[in-house]
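Structure first, then comments.
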Amino acid sequence: MYKMERKTDTVRIPPDRLNENVDDAAMEIAKEELEGVIEDDNKLVILATNVDRTGEGKVVHGDGGVYQEVEYDALYFELIEQELILGYLCEVLQFGGFIRFGPLDGLLHISQIMNDKVEVDQGNQRLVGKESNKSLGIDDEIRARIVTVSINDRNPRESKIGLTMRQNGLGKLEWLEEDEEEED
């Protein structure tokens, strides 16, 4: 999910920053503009580092800024449908819970938790199986699968990521350990 890649992009250095060291200005602006952005291929750029200007900047008629091409190392978090994730329950709502994995949260709908009717105990922030009595509470570690991804380019934290735990090998890590012990 986390990957590092060398990338190229163009940043605009505004006129009021041209009296500074251009390398420093380009690095600061690149970090501001590139970090926290989700690219077209569902990659959230976490960090832009080792920023280097390449070539001479370009001036566009009517714009006092300089458009500078930069190369940088991008540390990004890639969202891939059907990929397994490890995370923890961070919020319980009437319709399920949110699982934090990496820098994002995904929705685990109550219908996707287990093969049992799930009751929501919002007061105690738990999701409980009616027949199995298995419970999932805040900070419980889980293994889930990403089933849907709908990216919000303007605010990546508001992207919609759907998860499931209703397949073999998925669920609360404690449940999975118990299942392994029963098999032995």
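Here GLU119, GLU81, GLU91, GLU131 are screened, and the one residue that is within 30 Å of GLU5 (Cβ to Cβ) and of a type in the set (D, E, K, R) is GLU81.
The C-beta contact set for region 91-111 (first residue over 15 Å from LYS160 (Cα atoms), second residue in a helix (DSSP H, G or I), distance under 9 angstrom, 6+ apart or interchain) comprises GLN94/ILE110. For region 15-36, which positions are touching a helix residue (DSSP H, G or I) at 6+ places or on another chain (Cβ under 8 Å) and either farther than 25 Å from ASN152 by Cβ or crowded, with 17+ Cβ neighbours inside 10 Å (or both)? Across region 15-36, the qualifying residues are ARG17, LEU18, ALA25, ILE29. Does VAL118 satisfy the condition of being more than 14 Å from the chain's Cα centre (by Cα) and of a type in the set (A, V, I, L, M, F, W, C)? Yes, satisfied. Does GLY87 qualify as being crowded, with 17+ Cβ neighbours inside 10 Å, under 14 Å from the mean Cα position of the chain (by Cα) and at pLDDT 95 or above? Criteria met by GLY87. Among the residues of region 63-70, are any of a type in the set (D, E, K, R) and farther than 20 Å from ASN42 by Cα? Looking through region 63-70, at least one residue is of a type in the set (D, E, K, R) and farther than 20 Å from ASN42 by Cα. For GLY57, the test of being in the same structural domain as ARG12 (by TED's automatic domain parsing), under 24 Å from GLU20 (Cβ atoms) and in contact with a helix residue (DSSP H, G or I) (Cβ under 6 Å, 6 or more places away or on another chain) is failed.
Just wondering, is there one or more residues in region 117-130 that are touching a helix residue (DSSP H, G or I) at 6+ places or on another chain (Cβ under 8 Å), loosely packed, with under 14 Cβ neighbours inside 10 Å and either assigned by TED's automatic domain parsing to the domain that holds ARG157 or of a type in the set (Gly, Ala, Ser) (or both)?
Just the residues of region 117-130 that are touching a helix residue (DSSP H, G or I) at 6+ places or on another chain (Cβ under 8 Å), to begin with: 118, 120, 127.
When the remaining residues are screened for being loosely packed, with under 14 Cβ neighbours inside 10 Å, the result is none.
Looking for residues that are touching a helix residue (DSSP H, G or I) at 6+ places or on another chain (Cβ under 8 Å), loosely packed, with under 14 Cβ neighbours inside 10 Å and either assigned by TED's automatic domain parsing to the domain that holds ARG157 or of a type in the set (Gly, Ala, Ser) (or both), one finds none in region 117-130, hence no.
For region 112-148, give me each residue that is basic (Lys, Arg), in a strand (DSSP E or B) and in contact (Cβ under 8 Å) with a residue 40 or more places away in the chain. The answer is ARG143, ARG145. Somewhere in region 90-104, is a residue under 14 Å from the mean Cα position of the chain (by Cα), surrounded by fewer than 16 Cβ atoms within 10 Å (Cβ to Cβ) and either in a loop (DSSP other than H, G, I, E, B) or modelled with pLDDT under 90 (or both)? Yes. Going by the conditions given, is ILE151 under 23 Å from LEU44 (Cβ atoms) and in contact with a Ser or Thr (Cβ under 6 Å, 6 or more places away or on another chain)? It is true that ILE151 is under 23 Å from LEU44 (Cβ atoms) and in contact with a Ser or Thr (Cβ under 6 Å, 6 or more places away or on another chain). Can ALA74 be described as in a strand (DSSP E or B), on the phi < 0 side of the Ramachandran plot and surrounded by 15 or more Cβ atoms within 10 Å (Cβ to Cβ)? So ALA74 fits the description; yes.
The values are calculated or read from the model by the stated rules, or taken from the named source; none is laboratory data. Model, not experiment: these values are computed from the prediction. Quick reminder, even Gly has a Cβ in these numbers, built from the backbone with ideal geometry, and neighbours come from all protein chains shown.
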